[in-house]
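See structure below.
The values are calculated or read from the model by the stated rules, or taken from the named source; none is laboratory data. Predicted model only: the values in this text are computed from it and were never measured. So basically every Cβ, Gly included, is an ideal-geometry build from the backbone, and we count neighbours across all protein chains shown. Calculation scope for accessible area: heavy atoms of the full protein, side chains included, ligands and nucleic acids excluded. Shrake-Rupley method; radii C 1.70, N 1.55, O 1.52, S 1.80 Å.
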Amino acid sequence: MSHHIVQADNLHYTYPDGTLGLDNINFKIHHGESVALVGSNGAGKSTLLLHLIGCLTPTRGDIRIGDYPLNKKNLKSIRRSVGMVFQDPDDQLFMPTVFDDVAFGPINLGLPEAEIEKRVTAALETVGVPHLIKRSPQKLSGGEKRSVAIATVLATTPDILIMDEPSSNLDPASRRRLIHLLKTFTHTKIIATHDLDMALEICGRTIVLNNGKIVADGQTIQLFQDVKLLEMSGLEKPLTMQGCPVCSKEHPPVIAR
Amino acid sequence: MHMADALISPAVGGTMWAVSAGLIGHCSKKVKNEMDDQKIPLMGVMGAFIFAAQMINFTIPVTGSSGHLGGGMILSILLGPHIAFLTMASVLTVQALFFADGGLLALGCNIFNLGFFPCFIAYPLIYKRIAGKNPTRKNILTGALIAAIAGLQMGAFAVVMETVLSGVSELPFRTFLLLMQPIHLAIGTVEGLTTAAVVFFIWRARPEILNAAASSAPIGGISIRSVLTGIAVATLITGGTLSWFASSNPDGLEWAMFKTAGVEELETSHNLHLSLSEVQKKTAFLPDYGFQSDGSELLLNEKENSEEYGGTAATTEAKKHEASSWPSIDSGTSVSGLIGGLLTLTLAVAIGFILRYKKSNV
Amino acid sequence: MANLQNNLFDIFYMDTLASGETWLHRLDPRAKVLTTLIFVGTVVSCGKYEISMLIPFTLYPVAIVALANLPVLYIIKKMTLLMPFAFFIGIFNPIMDRAVILKIDLTDIFVWMDSIGLNNLMGLIDIIGLKGIVGTIDVSGGWISFFSIMMRFCLTVGAALILICTTGFDSVCMALQKFGVPSPFIAQLMFLYRYMFVLIDEASRMVRARALRTFDTGHMKLDLFAPMIGQLLLRTLDRAQRIHLAMCCRGFDGHIHMVRKMDLGMSEILFTIGWFFAFVIFRMYNIPIGLGKFLSEIL
Ligand SMILES: Nc1ncnc2c1ncn2[C@@H]1O[C@H](COP(=O)(O)OP(=O)(O)OP(=O)(O)O)[C@@H](O)[C@H]1O
Ligand SMILES: [Mg+2]
């Protein structure tokens, strides 16, 4: 299915106040690929993701999602196939109850009521929080909010899943659950994160951003061994790849293929 | 200051409800037609902002008391009058429901007092004239200060009018006015200063926000004439309906009047300053919805009656006479009222206990 | 600051109460909203010197509190906290309106008690020599209307609190929408309610951060207050933008649609109509006086 590719050509973006957001971004992501987007704070990860869902329009350059260029005309149909989980779940959960929130997307797709309910329960079950269905978002913990936020996106059954720092604010168990969950998805995934260990486990490919530019694009395991590159982009080797603090031997990490 | 349910009559409350509902409808339509959908979350979140901001206090120099940001003026400056009005209305609704600030019937009054004046009068006619085109530090300060004070003075005046017209409170118009206006001069000054300070901060940090607001908010969305007409129509309708209700139900209005009229002789002996005509004004105007005719005629009859008896000071007889014609104030009635009241209250509480007991046993 | 958090907890608590599972909680919100409005309307329409007529109305809050398992003390506490305002306005009534409109003859009470066989109290009073003192109590119109104001206050405020505690804010909003309140205003209310929590949290974090670094007892000057509020405002504006993006990503087209199962069944109709008639009867007939008269006649 070639229509799940995500492609950026010569992308430039400057914020209205003059801050450089993106500078000459080029990449092509194929169907089913999992790509980690890493880089220091302010490197431009969020900015790039917002371009992929058409929330920001590039100053220069093109984006193609599937077979179509991203423009005003087919924005709507593209947003149906791309789901984005935002950095702050409070921004994403704006409805009075979890049910309303997860149902928001399916309702806008114009689905019949029975189908909406089915999707809501299915999405909540996938992320493991079906019991929260009647709660209001303001009464959820950070991790629960995150799970529900992911469910809101899954309920619209996107082909491409875009996530901005999905593992922030999660306790180790929830993080582990999230990693398992993401591994089971066959979607095309683009994940911006500072959690390099997670990137190592889930994403076979990594794009490193620095000051709005792509400084490296390749196999995760290889890039993460390049200490110089990591240091230059404000990162450091994932813990699982560092020597064991007790026996100072390197254990082979779990990695994604 | 918030109006409270306990202080207003249904006629005043209903009228102001109708007026505020009309304004909300008008603004909603305007907002629906004109704005981009980006404003929908924006206005909601701004309401939440007002809520949160009002909970941060600063210390007013010299006095040592504390002040906080007001609502209507800053919202108008940032969002334009229509959205600002809707946002203010929503803030007041939440306050009425959760903090019982004001109450449900008084909500109409509160929305009008705290929303209409700053958003549709003080902002377009004062602030925008002074600082709209040329927002310098001085203009922002003078504009916000004068507009906030004016808005609150009008609001305070409306509170006084609504209270006096309702007639539930005995505060005389002038005393109340003399109490309210200076207090609100102080409150208005604080609101003006805080508003100016925050607007100035925004103007320096992100001038484009103010420019966008100033250009997207056309003046004159609401003409004062149409609002006045609205108030008049609403008054007629609610007044008409309610007085119809009242007249089909003898006790509400006449009873209160006869009670007062019936004790004319006691009154004259105790405090002379309360003449019957004053009593009539106070009790007959609005609170009991009998504006004229039959009500006042009856009152006159009753006055004659009580004068007949009043001279002889044969109070018991007079009372008996009245008691026979009106279920009023003789002590037999008051005693049975007292006892009956206690009994009813006990009964109500008992029903509550039974209901709960039954529930917990089911 | 403490105030800020308390308010939040308070709302949280009311929200929790609203998610109860009683029959009343499950009742269609429209029935409850309508009944509350009728209740407030009839209570407020009672004449300004009415006290006895207001008493039967207490049945409504009492019954709802009992049926919905609401914590009585909490409701009473909330009402008392709000009392001062009505008190300060109402207290002018006794000062301004001194005309005596009610005389309670205490001897009458004793006579009445005697008549129902309560062991010759009159004689007792004669013996102690209280006769002169226990005369009549003159009650001025001002005091009566003052108590009337306080009673109305308790009833109307109580009704609003009870509505929220049994229904929850979002259901009240849905009911209002069904009653024809324009959808932009409904969306406005729902967003306000949802983000109130987020922003109060954000505000209190800012206040705390400031307090931890100023080391004094928390006097906030205007020149510090303005940037703080300004900062909060800027963050709010950014947040609004992000929310809008999140909405657009899920197909937002300018309208917020919701599926909510609401049906007006038999119980809703009975509830509303039942209370409606009760309120009308309370309003038309002074039940306490009638009851008292009836009692003194049969005894
Ligand atoms: N709304 C905005 N207006 C102006 N500049 C912005 C805006 N949003 C972000 N920027 C700037 O754009 C650059 C990229 O920001 P972006 O949010 O994409 O970083 P990021 O990689 O997601 O960082 P983080 O890891 O902290 O989330 C930063 O320099 C930031 O200051
Ligand atoms: Mg980011």
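Observations, loosely collected:
- Test: C:Ser296 is modelled with pLDDT of 80 or more and surrounded by 13 or more Cβ atoms within 10 Å (Cβ to Cβ): no
- Single unsatisfied condition, A:Glu33 versus (1) within 9 Å of ligand 1 (Cβ to nearest atom); (2) of a type in the set (Asp, Glu); (3) within 27 Å of A:Leu181 (Cα to Cα): (1)
- Flag if C:Phe179 is open to solvent by 50 Å² or more (accessible area, probe 1.4 Å) and either charged (D, E, K, R) or out of contact with any Pro (no Cβ under 9 Å at 6 or more places or on another chain) (or both): yes
Matching residues to (1) at pLDDT 90 or above; (2) of a type in the set (A, V, I, L, M); (3) within 17 Å of the chain's Cα centre (by Cα):
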{"position": "A:Leu140", "(1), (2), (3)": "no, yes, no"}
{"position": "A:Ala151", "(1), (2), (3)": "yes, yes, yes"}
{"position": "A:Ala173", "(1), (2), (3)": "no, yes, no"}
{"position": "A:Thr186", "(1), (2), (3)": "no, no, yes"}
{"position": "A:Ala192", "(1), (2), (3)": "yes, yes, yes"}
{"position": "A:Val227", "(1), (2), (3)": "no, yes, no"}
{"position": "A:Leu235", "(1), (2), (3)": "no, yes, no"}
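- Within the range C:215-223, at least one residue is open to solvent by 50 Å² or more (accessible area, probe 1.4 Å), more than 16 Å from ligand 2 (Cβ to nearest atom), at the interface with another protein chain (Cβ under 9 Å from one of its Cβ atoms) and basic (Lys, Arg).
- Any hit, the range A:18-26, residues being of a type in the set (S, T, N, Q), open to solvent by 10 Å² or more (accessible area, probe 1.4 Å) and in contact with a helix residue (DSSP H, G or I) (Cβ under 8 Å, 6 or more places away or on another chain): no
- Residues of the range B:167-183 satisfying the condition of being surrounded by fewer than 15 Cβ atoms within 10 Å (Cβ to Cβ) and part of a loop (DSSP other than H, G, I, E, B): B:Pro172
- For B:Gly25: the one exception among (1) under 12 Å from B:Leu86 (Cα atoms); (2) open to solvent by 10 Å² or more (accessible area, probe 1.4 Å); (3) in contact (Cβ under 8 Å) with a residue 60 or more places away in the chain: (3)
- Restricting the range C:187-209 to residues that are out of contact with any helix residue (DSSP H, G or I) (no Cβ under 7 Å at 6 or more places or on another chain) and more than 7 Å from every other protein chain (Cβ to nearest Cβ) leaves a set whose member that is least open to solvent (accessible area, probe 1.4 Å) is C:Ala209.
- The condition (being within 14 Å of ligand 1 (Cβ to nearest atom), more than 13 Å from chain C (Cβ to nearest Cβ) and touching a helix residue (DSSP H, G or I) at 6+ places or on another chain (Cβ under 6 Å)) is satisfied by just one residue among A:Gly44, A:Gly39, A:Gly66: A:Gly39.
- Any hit, the range B:98-116, residues being within 14 Å of another protein chain (Cβ to nearest Cβ), of a type outside the set (A, V, I, L, M, F, W, C), part of a helix (DSSP H, G or I) and open to solvent by 30 Å² or more (accessible area, probe 1.4 Å): no
- Within the range A:84-107, considering residues that are in contact with a Leu (Cβ under 7 Å, 6 or more places away or on another chain) and more than 7 Å from chain C (Cβ to nearest Cβ), the one surrounded by the most Cβ atoms within 10 Å (Cβ to Cβ): A:Val102
- Selection within the range A:146-165 - more than 16 Å from ligand 1 (Cβ to nearest atom) and either more than 10 Å from chain C (Cβ to nearest Cβ) or not in a helix (DSSP H, G or I) (or both): A:Ser147, A:Val148, A:Ile150, A:Ala151, A:Leu154, A:Ala155, A:Thr156, A:Thr157, A:Pro158, A:Asp159, A:Ile160, A:Leu161
- The lone criterion from (1) open to solvent by less than 30 Å² (accessible area, probe 1.4 Å); (2) in contact with a Phe, Trp or Tyr (Cβ under 9 Å, 6 or more places away or on another chain); (3) within 11 Å of chain C (Cβ to nearest Cβ) left unmet by A:Ser77 is number (1).
- Selection within the range A:36-73 - within 22 Å of A:Asn210 (Cβ to Cβ) and more than 16 Å from ligand 2 (Cβ to nearest atom): A:Pro58, A:Thr59, A:Arg60, A:Gly61, A:Ile63
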